[in-house]
1. Please work out which residue is surrounded by the most Cβ atoms within 10 Å (Cβ to Cβ), limiting yourself to the stretch 1-48 and to residues that are assigned to a loop (DSSP other than H, G, I, E, B), in contact with a Gly (Cβ under 6 Å, 6 or more places away or on another chain) and among the hydrophobic types (A, V, I, L, M, F, W, C).
2. For the stretch 121-135, indicate whether the set of residues that are surrounded by fewer than 17 Cβ atoms within 10 Å (Cβ to Cβ) and part of a strand (DSSP E or B) is non-empty.
3. Going by the conditions given, is Tyr95 farther than 25 Å from Asn15 by Cβ and among the aromatic types (Phe, Trp, Tyr)?
4. Look through Val116, Val87 and report the one residue that is in contact with a Cys (Cβ under 7 Å, 6 or more places away or on another chain), modelled with pLDDT of 95 or more and not charged (D, E, K, R).
5. Considering only the stretch 81-105, state which residues are assigned to a loop (DSSP other than H, G, I, E, B), free of Cβ contacts under 8 Å to residues at least 40 places away in the same chain and surrounded by fewer than 14 Cβ atoms within 10 Å (Cβ to Cβ).
6. Of all residues in the stretch 49-59, which are out of contact with any Pro (no Cβ under 8 Å at 6 or more places or on another chain) and either crowded, with 18+ Cβ neighbours inside 10 Å or farther than 19 Å from Val87 by Cβ (or both)?
7. Taking into account only those residues within the stretch 60-80 that are hydrophobic (A, V, I, L, M, F, W, C) and not in a loop (DSSP other than H, G, I, E, B), which is surrounded by the fewest Cβ atoms within 10 Å (Cβ to Cβ)?
Amino acid sequence: MTDRKLVRVRDVMKNDFDLVEGMDTVESALEKMNYVETKSLIVKKRDENDEFGIVTLSDIARQVLAKDRAPERVNIYEIMSKPAFTVSADMDIRYCARLFGRFELNRAPVVEHGEVIGIVSYADMVLKGFPSAADQS
């Protein structure tokens, strides 16, 4: 049996992510994006009883671009997934990977104390989660 170091989601997640409002138009949300590598946008809660949402660039491609809808006339809430499936920052990445597989997820917001602190994807877990991969970067 090998002693593997426990790797938590917080160790591999991306800290840079974009938050948007559900009422934002797709056009304004894309203009507000600060991070070029972003593949998804986290939708803010409206109030403390609400849940986070998520919209991916592929959602925008399928539901706006492919349907020839005007991005300035489509609100984020029309195409987002809500509630977003979130994961704990302290979760072991092995369990996170199993969760992704079970629910067919590719990425999820990382939550701590009820706030989004990052976003994690399969790529983050694989590329940063193995000691040999981390040593190469």
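The values are calculated or read from the model by the stated rules, or taken from the named source; none is laboratory data. Nothing here was measured: the structure is a model prediction, and the numbers come from that model. All Cβ positions, glycine included, derive from the backbone under ideal geometry; neighbour counts span all protein chains shown.
1. Result: Met13.
2. no
3. In short, no.
4. Working: Val116 fails: in contact with a Cys (Cβ under 7 Å, 6 or more places away or on another chain).
Answer to the selection: Val87.
5. Pro83, Glu104
6. Pass one, the stretch 49-59, residues out of contact with any Pro (no Cβ under 8 Å at 6 or more places or on another chain): 49-50, 55-59.
Selection gives Asn49, Val55, Leu57, Ser58, Asp59.
7. Of the stretch 60-80, the ones hydrophobic (A, V, I, L, M, F, W, C) are 60-61, 64-66, 70, 74, 76, 79-80.
After this cut, where a residue has to be not in a loop (DSSP other than H, G, I, E, B) as well, the list is 60-61, 64-65, 76, 79.
Working: Ile60: 21, Ala61: 11, Val64: 20, Leu65: 13, Ile76: 23, Ile79: 17.
If we take residues in the stretch 60-80 being hydrophobic (A, V, I, L, M, F, W, C) and not in a loop (DSSP other than H, G, I, E, B), then Ala61 is surrounded by the fewest Cβ atoms within 10 Å (Cβ to Cβ).
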